[in-house]
Amino acid sequence: MPMLYIHQTSCISPQATLGEGDISILHQAVNQQLRVIEPAYKGIPPGVLRRMSKSVRMGMGAALPLMDQLNNINGIIIGTANAGMEDCFLFLKQLVEYEEGQLTPGNFVQSTPNALAAQLAMLTGNNGYNITHVHLGLAFENALIDAAMWLKEYP
């Protein structure tokens, strides 16, 4: 396996971790809940942003700044534990409520784990390798193994 190095990371969280955030300031929970600090979502057209699920929107907010800093990206590899579970549950609930009749496809489309990788590819014009690994606790490891195998085949 080739040696892999992680040069950049991005994190959207309840703390100021995105970009030049100040992690010395710790935000406290309100009513035993921490609220995520969402980014400005630069580079995403408002019409597209409005139709994205929250998880895809936040994934885009974390990924796009990293992709803007790099040149010649020829692939997108995503690792996720529970991508779009809320939208998946909404779709399944509609299946029961409407007895599999007049379903709106939006919740289904946005619930699929590859929605983030697909949106990134479309917004950046990336026609290269594009895959999403959904393996609960093993997603990150599988994404790294996939990247190593891909780089070995296409140095």
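The values are calculated or read from the model by the stated rules, or taken from the named source; none is laboratory data. Being a predicted model, the structure only gives us computed values, none of them experimental. Reconstructed Cβ throughout: ideal geometry from the backbone, glycine too, with neighbour counts over all protein chains shown. Ligands, DNA and RNA are excluded from the accessible area calculation, which covers all protein heavy atoms including side chains. Shrake-Rupley method; radii C 1.70, N 1.55, O 1.52, S 1.80 Å.
Key figures
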{"quantity": "Binned Cα-Cα distances of the chain, short to long, each 5 Å bin given as a whole percent", "calculated": "2, 8, 14, 18, 20, 16, 12, 7, 3, 1, 0"}
{"quantity": "Net charge dipole size for the range 3-56 [Lys, Arg +1 and Asp, Glu -1 on Cβ; Debye, nearest 20]", "calculated": "340 debye"}
{"quantity": "Accessible surface of the chain, 1.4 Å probe, proportion on carbon and sulfur as whole %", "calculated": "58 percent"}
{"quantity": "26 Å Cα-Cα reach of Lys42 towards lysines, excluding residues that sit fewer than 8 places from it in its own chain", "calculated": "Lys54"}
{"quantity": "Average accessible area per residue (Å²) across the chain - probe 1.4 Å, nucleic acids and ligands excluded", "calculated": "70 Å²"}
{"quantity": "Amide H contacts of Thr132 (H built 1.01 Å from N, under 5 Å, at least 5 apart or other chain)", "calculated": "Ile78"}
{"quantity": "Positive-end residue, the chain charge dipole about Cα centroid, Cβ charges, pick of Gly43, Gly125, Leu151", "calculated": "Gly43"}
